[in-house]
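Notes to accompany the following structure.
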Amino acid sequence: MEDSINNIKAVLFDLDGTLRHHLPSGGEVFVEYVRSMGFQVSEEDRIRAEHWEHFYFASSLEIRKDSETYKDDRSGFWVNFGRRRLVALGLKSADALELAPKVSAHMDEAYKPQVHVPPDAHTLLSSLKNEGYVLGVVSNRETPYHDELKELKLDSYFKFLLAGGEVNSYKPDKIIFARALELAGTSAPETMYIGDNYFADVMGAHRSGLIPVLYDPTSLFPDTGGFAFIRSFTELPELLK
């Protein structure tokens, strides 16, 4: 299933979970709170819930349904998300329904993560730009995020930034990748796409003909289905040789 990575002219990146991280992660704080409530959560349960969350945010039918149901109720959306995630952790439906409002309230009040950019990201991006690669960011964000990247001192590396809301298309859909190729000025086989979400980033890029690379620093997806992967950005130049 491995794609050819010869003749790459553009290297595109996902934003959240790839170039931009929350420390600690929401999943870590979520699980810690559930355990503090007396529920047993195994490592297998935790990984299963992380996989579910990645799938959910990959423009799944579930999130599209929930977004419509709770379009005017942000709080309701996150309570429902908490209920779904509790079930993914292995809790019974009744327990999840009862606990979801408490978990959501805790996350809203106590979760104040630090925004983190991996130090090796700057080194990589500077090198890629100097070598003449076209660089871009493609995110499932609803709105443009140029100011945010400017604050993170990442904006100067990229030719373009694309949010799903700008084209009403979200990874893994093909339209957002097609628009990214237009902005990059390259063909799909000439374009590498790097992201942390196997379902949205890897499968979406692959189905659109781009060369996908999974960014997986915690080995969340040990089985990549034959697709290339990196644990840190220092490993990417080797893939481009």
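Dipole orientation for the stretch 1-113: of the candidates Y70, L19, I8, Y70 has the Cα lying most toward the positive pole (charges on Cβ; Lys, Arg +1; Asp, Glu -1). Within the chain, the longest segment free of exposed loop sites, counting GluC sites (Glu not before Pro) that fall outside DSSP classes H, G, I, E and B and have at most 16 other Cβ atoms within 10 Å, spans 3-130.
The reciprocal of the average 1/r between distinct C-alpha atoms defines the Kirkwood hydrodynamic radius, which for the chain equals 18.8 Å.
Under 20 °C and 1.002 mPa s, how fast does the stretch 4-112 diffuse according to Stokes-Einstein, given a Kirkwood radius computed over C-alpha pairs? Answer in µm²/s, whole number. Don't skip to the answer; put the middle values down first.
Numbers: Rh = 15.4 Å.
My calculation gives 139 µm²/s for D.
For the stretch 90-151 versus the stretch 167-186, the spacing of their alpha-carbon centroids is 20 Å. Projecting the Cα atoms of Y33, S169, Y145 onto the charge dipole of the chain, computed from C-beta unit charges around the Cα centre, puts S169 farthest toward the positive end.
Just check the stretch 103-233 against the gyration tensor rule for me: Cα atoms, a ≥ b ≥ c as the square roots of the eigenvalues, rounded for a/c under 1.5, and otherwise prolate or oblate depending on whether a/b exceeds b/c.
Judged from the Cα gyration tensor, the stretch 103-233 comes out rounded (a/c under 1.5).
Place +1 on the Cβ of every Lys and Arg and -1 on the Cβ of every Asp and Glu in the stretch 57-117, take the dipole about the Cα centre, and give the residue among L61, N80, L99 whose Cα lies farthest towards its positive end. Selected residue: L61.
Could you count how many Lys pairs in the chain have their Cα atoms under 14 Å apart, skipping same-chain pairs fewer than 8 positions apart? Walk me through the numbers on the way to the answer.
On the way: K9/K129; K9/K159; K9/K241; K129/K159; K150/K159.
Qualifying lysine pairs in the chain: 5.
Based on the Stokes-Einstein relation at 20 °C and a viscosity of 1.002 mPa s, and on the Kirkwood radius from alpha carbon pairs, the stretch 187-228 is assigned a translational diffusion coefficient of 211 µm²/s.
Grab the alpha carbons of the stretch 131-179, take their convex hull, and tell me the volume per residue in Å³.
On the way: hull volume 3.8 nm³, N = 49.
Convex hull of Cα atoms, per residue: 77 Å³.
For the stretch 54-158, build the convex hull from the C-alpha positions and give me its volume per residue in Å³.
On the way: hull volume 15.7 nm³, N = 105.
In the stretch 54-158, the Cα convex hull volume per residue is 150 Å³.
Among G132, G17, G165, which one shows the highest mean-square fluctuation when the chain is modelled as a Gaussian network with alpha-carbon springs under 10 Å? Of G132, G17, G165, the most mobile in the Gaussian network model is G132.
If you take every DSSP beta bridge whose two residues both sit in the chain, what share of them, in percent to the nearest 5, is antiparallel?
Roughly 15 percent of the DSSP beta bridges within the chain come out antiparallel.
Note on L61/S25: beta-carbon distance plugged into 1/(1 + (r/R0)^6) with R0 of 22 Å gives a FRET efficiency of 0.35. Go ahead and collect, in residue order, the members of the stretch 57-100 whose backbone nitrogen is under 11 Å from a label point 7 Å along the Cα-Cβ direction of T218. No residues fall inside that zone.
Rounded to the nearest 20 debye, the dipole size of the chain about its Cα centre is 260 debye, using +1 on the Cβ of Lys and Arg and -1 on the Cβ of Asp and Glu.
Extending 7 Å from Cα along the Cβ direction at D147 and again at V117 yields two label points whose distance is 1.7 nm. Computed across the stretch 17-68, the Kirkwood radius stands at 12.5 Å (inverse of mean 1/r, all Cα pairs).
Extension gain, S75-D95: 0.36 nm per intervening residue step, less the Cα-Cα distance, totals 5.3 nm.
Could you tell me which trypsin sites (Lys or Arg not before Pro) in the stretch 32-78 are loop residues by DSSP with no more than 16 other beta carbons within 10 angstrom of their beta carbon? The qualifying sites are K71.
In percent, what relative contact order does the chain have, based on Cα pairs under 8 Å that are 6 or more apart in sequence?
Details: 364 pairs, mean separation 69.2, N = 241.
Dividing the mean separation by the residue count of the chain yields 29 percent.
Just so you know, all these numbers are worked out from the coordinates, no wet-lab data involved. Predicted model, so just to flag it, every value in this text is computed and none were measured. As a convention, Cβ positions derive from the backbone with ideal geometry for all residues, glycine included, and neighbour counts pool all protein chains shown.
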